[in-house]
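Okay, so here's the structure we're looking at.
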Amino acid sequence: MELGGQIGTAGNFDANGKGDCFVSIELKQSEGIIFKLESKVKVFYGKSIEALCRSILSFFSVENALVVINDSGALPYVIAARLESAIKQVVSSNKDFLFDFLPDNLYKSNKDQFRFSRLYLPGNTPYMMLNAGIHKPNGIILDLEDAVAVSKKNEARYIVRNALRSQNFYGAERMVRINQGQFGLEDLTFIVPHNVHLILIPKCESRAEIDRVEEEIAKIKQKVNLIRDIFLMPIIETALGVENAYEIASASRNIVAMAIGLEDYTADLGVQRTNSGAESLYGRMRVVNACHAAKIQAIDSVFSDVGDMQALAENVKRSKSLGFQGMGCIHPRQISVIHENFAPNCDEIERAKKIVNAFYEAESMGLSVVSVGTKMVDPPVVKRQLKVLELAINLGILPKDWRSDYVG
Amino acid sequence: MEYYLKIGGVIMSVKLIKNAVGRMVPTQINGEEAIPFMGIGMFVPKNRKYNSKIPTNANYPADGNKKGKDLKDALVKAGLANGMRISTHHHFRNGDLLANKIFDIAHELGVKDLIWFPSASFPCHEHLIPYLEDGTISRIEGSMNGPLGKFCSEGKMKGIAILRSHGGRYQAIQDGEVHIDIAVIGAACADSFGNANGLAGNSASGLLGFALADSQFADKVIVATDNMIAFPCVPWQIQGNFVDFTVEMDQIGIPEEIVSGTTQITKSPDRLFIAELTAKFCEEAGIIKDGFSFQAGAGGTSLAISEFFGKIMKEKGIKARFARGGSNKYLVQMLEEGLVEYILDGQTFDLEGVRSMRENANHVWTSPFTSYNYHSKGNFAGMVDVAILGATEVDVNFNANVVTHSDGYLLHGIGGWQNCLFSKTVILPIPLFRNRIPVVRDEVTTICGPGELIDVIVTERGIAINPLRKDLLEKLKGSCLPIKSIEELKKEAEAICGVMDELVLSDEIVAAIKWVDGTIIDVVRKVL
């Protein structure tokens, strides 16, 4: 059904041509489709952009409309997301215009995946998604929550959905941060069917919130006949959340990590956030402890000064020493600093090699007691050192067959 | 092939010939003979060098004071007349007030059909478009940036533009291919005799090397300054013995625009990523070694590459023998930290560069003659171990474009780009696509540099080595760096951006691109 005079809009495009594209659609009673395209790449892609838009309009049975597009070189999935979002403001439809999945995007994640770094990308800023994967973060978070203006949240859902299908993130774990409450539950329909690996649940304060998200995910999975796991990462951002940390961390087998969000947490406490982090030490330790108790990864907050790599490195070292196993980042430059400083250092690797070697030697002699020099080593210590070596091997710092030329 | 060329509304018959890089180019441009590009090193000139008329002291003031009333007076005395070729230089970059003033005066005097012969133009010269429209200026022979390039691309200029490299411009003047009637040289510091430099004063630009040929070969030379000092003005980058008139003006340049521009290290994570990959490539290829030399431009990515170079050099305890400038604060810092022994400077991009040039004997000023001229007895370009350059497009044969965008618009100058291609290794760090337009193409829109001189393309998604560089391919075998073929890069770009529709341009030629030896490597056609 079409109604005359209604206008739907979506997209980002300023007077300097910055952004992706801005689409407006005005339904008409007659005259067919009037298509007006202003594009930086019109000479090369004008025809294909028009063909794409006409196919989308036809898909939603729009027969009479004025469609105006200002484009600064947006990729097809972005133009399609913008147009679909605009159309759905003026046309009621339950249909989704979906591109085929990029074959590169069908990879899986796993529970123990490294999560040293996870790069936040605003869900309504597709140009930032374009090269995010080449910086090799462990995870990429398409954010539907705080990084998106309230007025843009709805259109961001279409961008995020299409990005999950069409944007290559080069092997990074594919994460989405949904909104709080009911709006967040509605976000799930835009992401669950599209190979999202992990969903971040913001400002989580209770097990009930996890349960609600899980129920909704289960419903959608059933509807689209999806059987694979979707992991969860609650974010603790309030004093109440901190107090309920273990309850939340252990609420579901799908929870693989839990993060603390310090901007909101310190705001909740009414204190200033500092580089030393003394004001949030209790909260961070409680979250770390809850995570380790629940056998999931403990993930620290983002470090907000993107210009100070030295301070970031110190922050990562501090974070690691407290028991965190990863942190968020808001700029690609932070990724390598985070990786380098979460990775085991030479001393840690040497110590681990010594203990693990002693463990294997003891095992080969049928002994159950491990000794290094004159000291006895407990099984939990061995286990921890095995983890260090596994990490070093997976990061390429240590060869897999390190024992072949190991001289203790 | 006979071709009908439209110049200034007049249709002329011109022969087109396929040149050595497969482009159809005219044998005549603006009524003068044009030689098609024959291949690198294939064109050998037989003539003698051009020289200007012999002057006599009898015609100049015995006290050496050549100071005139004002610029208009000097231009009139220099014989400004219809059809003359007026040269300027671009050391003031986007802060140039002088070139605009010259043509304001010409317009006021009712002079027509002038040929402007700048060493480069900038967006500030948009001021001249009305003079191109009203016939004061008939054409521009020089690199054009932004608005003037757009004007030319749309076929609005009366004559055909000719773009030359910095070295090519020197060659053209020296060979007599270009005759300059009046050269106007803006200098931050000068004496009334005409000795001049760019080192001190409000309009300090560092070097005046691009004006050297103009001073040596023009019929009449005017030095204009806003900082006239008592004789002698030393060091004399421009020698007063070449100068006919001197003029003192209130202001010849806008200081913040002279030193502004691309003089900050990029903050873009993607460009930093490309810069880091480039530096890693040079390290693994063994280019960064004790006593090596390099040239990096002043763009944000180039500056980042220099910084990554510095980091590697510090870690390894090695230093470079020399770096070719464009100097800027980052290169000066490397000089002062001892990472680089000499800066051989072609142009100075910021005040730190100016200061260093003034104070440091190892910061040496060079000219397009010493560093780039192809019709000379050798030059510096071939001695540089690695040159890091930009490009708007590269094709699968490694041919590269620096002047036009993929839509055919002529928006950038050549600078010293073509000359730097003679460095031992030429690397183009470029994004794989810009605004959905793949940078790696089947064929570039305009060939400015032949593929055999371009060795490596570094993009954010992979590094392509020219198959001609078997040594580099061998060295990088087994590297962790993402080495790919250029065809793979092109395919990757197209997979992301889509395949572009073919660009359709008019047959009308609006500009010609000269190779360093003065032959025509390609032409630019009118955008429809």
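Of all residues in segment A:26-80, those that are at the interface with chain B (Cβ under 10 Å from one of its Cβ atoms) and among the basic types (Lys, Arg) total 3. Number of residues in segment A:351-382 that are exposed (fewer than 11 other Cβ atoms within 10 Å of the Cβ), in a helix (DSSP H, G or I) and either modelled with pLDDT of 85 or more or small (Gly, Ala, Ser) (or both): the value is 1.
Residues that are closer than 30 Å to A:Arg207 by Cα, open to solvent by 70 Å² or more (accessible area, probe 1.4 Å) and either modelled with pLDDT of 95 or more or within 25 Å of the chain's Cα centre (by Cα) (or both): does segment A:322-343 have at least one? The answer is yes; a qualifying residue exists.
Candidates in segment A:315-331 are the residues that are small (Gly, Ala, Ser) and part of a helix (DSSP H, G or I); of these, the one that is farthest from the other protein chains (Cβ to nearest Cβ) is A:Ser321. Scanning segment A:125-147 for residues that are open to solvent by less than 10 Å² (accessible area, probe 1.4 Å) and more than 13 Å from chain B (Cβ to nearest Cβ) yields A:Gly139, A:Ile140, A:Ile141, A:Leu142, A:Asp143, A:Leu144, A:Glu145.
Scoring B:Glu487 on the criteria (1) within 30 Å of the chain's Cα centre (by Cα); (2) surrounded by fewer than 22 Cβ atoms within 10 Å (Cβ to Cβ); (3) more than 17 Å from B:Asn397 (Cβ to Cβ) leaves a single failure, condition (3).
Residue by residue, here is whether (1) touching a Gly at 6+ places or on another chain (Cβ under 7 Å); (2) surrounded by fewer than 18 Cβ atoms within 10 Å (Cβ to Cβ) holds:
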site: B:Thr246; (1), (2): yes, no
site: B:Ile252; (1), (2): yes, no
site: B:Ile265; (1), (2): yes, no
site: B:Gly286; (1), (2): no, yes
site: B:Leu303; (1), (2): no, no
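In contact with an Asp or Glu (Cβ under 8 Å, 6 or more places away or on another chain), within 30 Å of A:Arg177 (Cα to Cα) and assigned to a strand (DSSP E or B) - does that describe any residue in segment A:383-391? Scanning segment A:383-391, I find no residue that is in contact with an Asp or Glu (Cβ under 8 Å, 6 or more places away or on another chain), within 30 Å of A:Arg177 (Cα to Cα) and assigned to a strand (DSSP E or B), so the answer is no.
Among the candidates A:Ala257, A:Ala294, which residue alone is more than 30 Å from A:Ser166 (Cβ to Cβ) and among the aliphatic types (A, V, I, L, M)?
After ruling out the rest, the residue left standing is A:Ala294.
When every residue of segment B:100-122 is checked against the conditions, at least one turns out to be more than 26 Å from B:Leu163 (Cβ to Cβ) and assigned to a loop (DSSP other than H, G, I, E, B). Pairs meeting the criteria (first residue in segment A:258-278 and of a type in the set (S, T, N, Q), second residue part of a loop (DSSP other than H, G, I, E, B), beta carbons under 6 Å, at least 6 apart or on different chains) are A:Thr266/A:Arg273.
The helices (runs of 4 or more DSSP H) found entirely in segment B:226-343 that carry 2 or more residues being β-branched (Val, Ile, Thr) are B:269-284, B:300-316. Tell me yes or no: at least one residue of segment A:88-106 is within 13 Å of chain B (Cβ to nearest Cβ), modelled with pLDDT of 95 or more, under 30 Å from the mean Cα position of the chain (by Cα) and buried (at least 22 other Cβ atoms within 10 Å of the Cβ). No, segment A:88-106 contains no residue that is within 13 Å of chain B (Cβ to nearest Cβ), modelled with pLDDT of 95 or more, under 30 Å from the mean Cα position of the chain (by Cα) and buried (at least 22 other Cβ atoms within 10 Å of the Cβ).
Within segment B:437-457, the set of residues being surrounded by fewer than 24 Cβ atoms within 10 Å (Cβ to Cβ) and charged (D, E, K, R) comprises B:Arg441, B:Asp442, B:Glu443, B:Glu452.
Filtering segment B:458-483 to residues that are in contact (Cβ under 8 Å) with a residue 12 or more places away in the chain, within 13 Å of chain A (Cβ to nearest Cβ) and open to solvent by 30 Å² or more (accessible area, probe 1.4 Å) leaves only B:Pro482.
The values are calculated or read from the model by the stated rules, or taken from the named source; none is laboratory data. All values derive from a computational prediction rather than experimental measurement. Glycine also receives a Cβ, built like all others from the backbone with ideal geometry; neighbour counts cover every protein chain displayed. Keep in mind that these areas ignore ligands, DNA and RNA; they rest on the heavy atoms of the full protein, side chains included. Shrake-Rupley method; radii C 1.70, N 1.55, O 1.52, S 1.80 Å.
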